[in-house]
Amino acid sequence: MTIVDGETYDQAATATPAVRLEVDAETARVVVEGVLTEAVAAAARELLLDACELRTAAVVLDLRAILDPADLDVLPHLVDVAQRRCWAARRRFDLAVADPDVREALAAAGLW
């Protein structure tokens with residue numbers, strides 16, 4: 001179980017991968033849940049393209065996923081691609097991370 005900002009996330013309950021796009025007036029949010037694998041990251045990169053084409057002020061990559069030990073290189077690559085796509089589309093990029101292990105991996109890569 002992980003507690004972030006007062007919310008509890010049960011990692012076993014979020015183990016099924018899911019990637020979706022949520023849009024409101026100001027923000028396009030690419031939500032990634034479950035285990036972050038190359039296939040899940042590829043789906044997220046596709047949705048980032050769609051998100052950057054929308055007329056929103058910001059794009060948020062919302063990582064509610066846990067890391068797959070076999071695919072540790074996927075995380076920094078996904079964040080790098082997200083930053084570049086947002087920059088190219090002139091959208092503000094925000095990153096939300098639920099899992100402390102994901103934060104630690106991003107910090108180790110110099111991205112957090």
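Readers should treat all values here as calculations from the given coordinates under stated rules, not as data from a laboratory. Keep in mind that this is a model prediction, so the values were computed, not measured. No Cβ is skipped: glycine too gets one built from the backbone with ideal geometry, and neighbour counts run over all protein chains shown.
Below is a table of values for the structure above.
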quantity: Average Cα contact separation per residue, the chain, under 8 Å, 6 or more apart, as relative contact order %; calculated: 25 percent
quantity: The chain: Cα Rg divided by the 2.2 N^0.38 Å rule of thumb; calculated: 1.00
quantity: Sparse-neighbourhood loop sites, trypsin sites (Lys or Arg not before Pro) in the range 7-108 - DSSP loop, at most 12 other Cβ within 10 angstrom; calculated: ARG55, ARG90
quantity: HN-Hα J in Hz across the range 20-30 - Karplus 6.51, -1.76, 1.60, θ = phi - 60°, x for Gly and Pro; calculated: 8, 10, 10, 10, 10, 4, 10, 9, 10, 10, 9
quantity: Within-14-Å neighbourhood charge of GLN83 [Cβ basis; K, R +1; D, E -1]; calculated: +4
